[in-house]
1. Can you tell me which residue in segment 140-158 is most open to solvent (accessible area, probe 1.4 Å), limited to those that are in contact with a Ser or Thr (Cβ under 6 Å, 6 or more places away or on another chain) and under 15 Å from I220 (Cα atoms)?
2. Just for segment 225-241: of the residues that are under 15 Å from F266 (Cα atoms) and within 16 Å of the ligand (Cβ to nearest atom), which one is farthest from the chain's Cα centre (by Cα)?
3. Please work out which one of (1) buried (at least 20 other Cβ atoms within 10 Å of the Cβ); (2) in contact (Cβ under 8 Å) with a residue 40 or more places away in the chain; (3) touching a helix residue (DSSP H, G or I) at 6+ places or on another chain (Cβ under 7 Å) is the condition V265 fails and give its number.
4. When you go through L146, L135, L219, L209 one by one, which is the residue that is within 16 Å of the ligand (Cβ to nearest atom), under 30 Å from N82 (Cα atoms) and not in a loop (DSSP other than H, G, I, E, B)?
5. With P163, P99, P177 as the choices, which residue is in contact with an Asp or Glu (Cβ under 6 Å, 6 or more places away or on another chain) and either at pLDDT 95 or above or closer than 20 Å to I205 by Cα (or both)?
6. Restricting segment 93-111 to residues that are of a type in the set (V, I, T) and touching a Ser or Thr at 6+ places or on another chain (Cβ under 6 Å), which is nearest to the ligand (Cβ to nearest atom)?
7. Could you please let me know if A126 is open to solvent by 10 Å² or more (accessible area, probe 1.4 Å), within 16 Å of the ligand (Cβ to nearest atom), out of contact with any strand residue (DSSP E or B) (no Cβ under 7 Å at 6 or more places or on another chain) and free of Cβ contacts under 8 Å to residues at least 12 places away in the same chain?
Amino acid sequence: MKVLVATQKPFAKEAVDDITAILTGAGHEVALLERYESEADLCFAVADADAIIVRSDKVTPAVLEAAPKLKIVVRAGAGFDNVDLESATAHEVVVENTPGQNSNAVAELALAMMIYMSRNQFTPAAGIELQGKTLGIQAFGNVGRLVGAKAKALGMKIQAIDPYLTDEKIIEGGATPVHSLADLYSTSDFLSIHIPATPETIGSIGYDLISRMPKGALLINTARKEVIDEAGLEKALEERPDLKYVTDVMPSNYEALCEKFGVRVFATPKKMGAQTKEANVNAGIAAARQIVAYFAEGCTRFQVNR
Ligand code: 3PG
């Protein structure tokens with residue numbers, strides 16, 4: 001089978017080597033499309049592909065339409081909001097993700113962002129320490145739990161909310177359960193977002209929640225740009241000169257935010273939470289193995305479009 005690895009933001013070389021070794025070792029052919037510029041480039045490359053591995057690359061109805069032989073798409077990562085699931089299902093294409101494989105990298109970035117912002121983007125003004133502060137975690141999945149464990153080691157108090165977990169599970173993961181977002185936001189000095197982008201969560205974090213945060217609070221978003229109501233965020237930052245926002249997913253109004261709020265706001269130029277050699281290797285190997293297992297045994301354990 002022909003497997004296309006299509007990554008606008010390429011994997012580390014080690015990950016590409018591992019993916020290639022696993023797939024060719026199982027008798028598949030590998031094609032690489034990196035740093036491509038348009039949907040048309042991807043459509044051209046998928047024409048004879050039986051499988052594709054992507055990162056945040058957009059797998060649109062046009063891409064699926066252009067791939068008549070395609071049987072499986074593996075998103076090497078956790079979030080699969082970049083793949084049009086409805087269209088994939090209509091084309092009888094299996095879509096999988098590789099949950100947990102890049103979580104540590106994202107968790108480390110969230111912690112780094114907390115320290116960076118607490119020290120005013122490494123400018124000389126006096127900052128604050130993390131020790132003794134309360135960290136709220138919105139969604140206590142693979143990344144949220146790791147952020148909590150690492151922050152606990154820095155002496156933070158950890159609280160979390162997750163509609164899919166019982167209190168027992170949250171306590172087992174080392175956090176105090178909180179039962180409403182209003183409570184979580186109003187009692188967290190630091191609040192780290194780990195929800196996926198879904199129709200329910202898109203635009204769900206706005207003025208009402210952000211303006212409840214305690215004095216001097218920091219909101220950290222290593223999840224998705226779309227979950228923030230950007231106008232609401234701007235209004236809250238305007239009214240509350242003590243609040244700060246840091247994000248791995250650049251807001252549309254970033255220029256305006258920087259102009260208005262200076263070192264109170266920071267966004268990475270390109271999403272880099274999962275951009276470590278280790279995360280690339282873990283997610284890449286998992287994706288390659290899942291494709292091998294799919295063609296060898298029909299295994300669909302990580303399918304997300306059932
Ligand atoms: C994910 O959902 O796994 C992360 O957002 C990583 O995305 P990336 O592979 O595009 O860096």
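1. Restricting to residues being in contact with a Ser or Thr (Cβ under 6 Å, 6 or more places away or on another chain) and under 15 Å from I220 (Cα atoms), the top hit is L146.
2. Filtering first and then ranking leaves I228.
3. Here V265 clears every test but (2).
4. Exactly one residue qualifies, and that residue is L146.
5. P177 is the lone residue from the list that is in contact with an Asp or Glu (Cβ under 6 Å, 6 or more places away or on another chain) and either at pLDDT 95 or above or closer than 20 Å to I205 by Cα (or both).
6. This residue is V106.
7. Considered against the rule, which asks whether it is open to solvent by 10 Å² or more (accessible area, probe 1.4 Å), within 16 Å of the ligand (Cβ to nearest atom), out of contact with any strand residue (DSSP E or B) (no Cβ under 7 Å at 6 or more places or on another chain) and free of Cβ contacts under 8 Å to residues at least 12 places away in the same chain, A126 comes out as no.
The values are calculated or read from the model by the stated rules, or taken from the named source; none is laboratory data. Please read all numbers here as calculations on a predicted model, not as lab measurements. Every residue, glycine as well, gets a Cβ built from its backbone with ideal geometry; the counts of neighbours run over all protein chains shown. Each accessible area value is taken on the protein alone, full model and side chains, heavy atoms only, with ligands, DNA and RNA left out. Shrake-Rupley method; radii C 1.70, N 1.55, O 1.52, S 1.80 Å.
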